[in-house]
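The values are calculated or read from the model by the stated rules, or taken from the named source; none is laboratory data. This structure is a prediction, so every number in the text was calculated from the model and none was measured. Glycine gets a Cβ as well: all are built from the backbone with ideal geometry, and neighbour counts include every protein chain shown.
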Amino acid sequence: MKSKYKRGALLMVASSFLASIPAMAANTFYNAGDLIMTFQMVGSTNTVYADLGAATTYRRAASEFGTLTNVSNIANLSTTLTAAFGEGWASNTNIYAGLAAVRSISNTSSAVVSGDASRTLYISASRSSIGSAGYANSSTPTVGTNTDMTSAASAISAQNNVLGTSYSVAQTVSLSDVSLIDDKQPITTFSGANFQGTAFGVFGGGIQQQGSASSFGSVGTVDNVEFALDLYRIVAVNDKAGELNGALRTGEFQGTFVLDNSGSVSFMTTIPEPSAFALAGIAAGSFVLRRRRGN
């Protein structure tokens, strides 16, 4: 009887202790489907996550959902990038930046949210030159098969969900043993040169842009651009109820994200015809971008 009482007391103490440990709160800055800007540096154990809001916010489509045009200072990453890579991050040629988003990875789900069906991907491509604001200057990403769409969606979701499950902020430095950025977007070094591997198991040659020792140039109203990434939307299916259709498994240009040497992120695009529909979303865009965050 005595040992029985002791076991009961121990169980009560253990239960009380466990109850006193607060559960880790969900990251209120992150939702599935958010566009995440990621950074990694060859030779460093630091990576960076930055949530730029719902990917559909940046969708270049004349539709009932609306479209943004140019948006300045979506976020400022200077403090985070400096903490991760040092004061000279803007001129560091070993830093790579990319963008990716997906809301759902199911290949059987019929749910459509804000015009996007399951496995709708948002992927970046490095601009080959600074080019003209609002027009693509990169190679269009494509996905070979339906199975590849599922694989890419799963890999992007796994990478981005780390921000939602391990952190409670919109942008953060994440050690590579926590982050999946360097795993899902591999870089190898051979004979002193860096080479991007297959991103998310699907995109050969990667989706990131490599930093340069000097400014990439000026585009639109943004000077001293350090990174310029074209954003593409890729759909896995068409004709779902409420879906905004697209070219099947072929990237469609949405606009360009630029990061200047002060750490400010901006977005620029053009409004496709019919422009009257697209204008409807511009006024609401700023509110959407600032949702769940006070910066």
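The residue of the range 141-195 that is farthest from the chain's Cα centre (by Cα), among those that are assigned to a loop (DSSP other than H, G, I, E, B), touching a residue at least 12 places away in the same chain (Cβ under 8 Å) and more than 30 Å from Ala247 (Cα to Cα), is Asp177. Restricting to the range 116-136, and then to whatever is within 16 Å of Gly255 (Cβ to Cβ) and small (Gly, Ala, Ser), can you tell me which residue is surrounded by the fewest Cβ atoms within 10 Å (Cβ to Cβ)? The qualifying residue surrounded by the fewest Cβ atoms within 10 Å (Cβ to Cβ) is Ser132. All of Gly217, Gly255 fail the test of being at pLDDT below 95, out of contact with any helix residue (DSSP H, G or I) (no Cβ under 7 Å at 6 or more places or on another chain) and at positive phi, apart from Gly217. For the range 196-212, a residue qualifies if it is farther than 20 Å from Ser264 by Cβ and either assigned to a loop (DSSP other than H, G, I, E, B) or in contact with a Pro (Cβ under 7 Å, 6 or more places away or on another chain) (or both), and the qualifying residues are Gly197, Thr198, Phe200, Gly201, Val202, Phe203, Gly204, Gly205, Gly206, Ile207.
Looking at the range 185-200, which of the residues that are in contact with a Ser or Thr (Cβ under 9 Å, 6 or more places away or on another chain) and surrounded by 19 or more Cβ atoms within 10 Å (Cβ to Cβ) is nearest to Ile105 (Cα to Cα)? Lay out the reasoning, then the answer.
Start the filter on the range 185-200 by keeping residues that are in contact with a Ser or Thr (Cβ under 9 Å, 6 or more places away or on another chain), which leaves 185-186, 194-197, 200.
The next check asks that each one be surrounded by 19 or more Cβ atoms within 10 Å (Cβ to Cβ); those that pass are 185, 196, 200.
On the way: Gln185: 18, Gln196: 24, Phe200: 13 Å.
Top of the filtered list is Phe200.
Which residue is surrounded by the fewest Cβ atoms within 10 Å (Cβ to Cβ), if the candidates are limited to the range 215-240 and must be of a type in the set (Asp, Glu) and within 18 Å of the chain's Cα centre (by Cα)?
The first filter runs over the range 215-240 and keeps only residues of a type in the set (Asp, Glu), leaving 223, 226, 230, 239.
Cutting the leftovers down to within 18 Å of the chain's Cα centre (by Cα) gives us 226, 230.
Values: Glu226: 24, Asp230: 27.
Step by step, filter the range 215-240, then rank; the result is Glu226.
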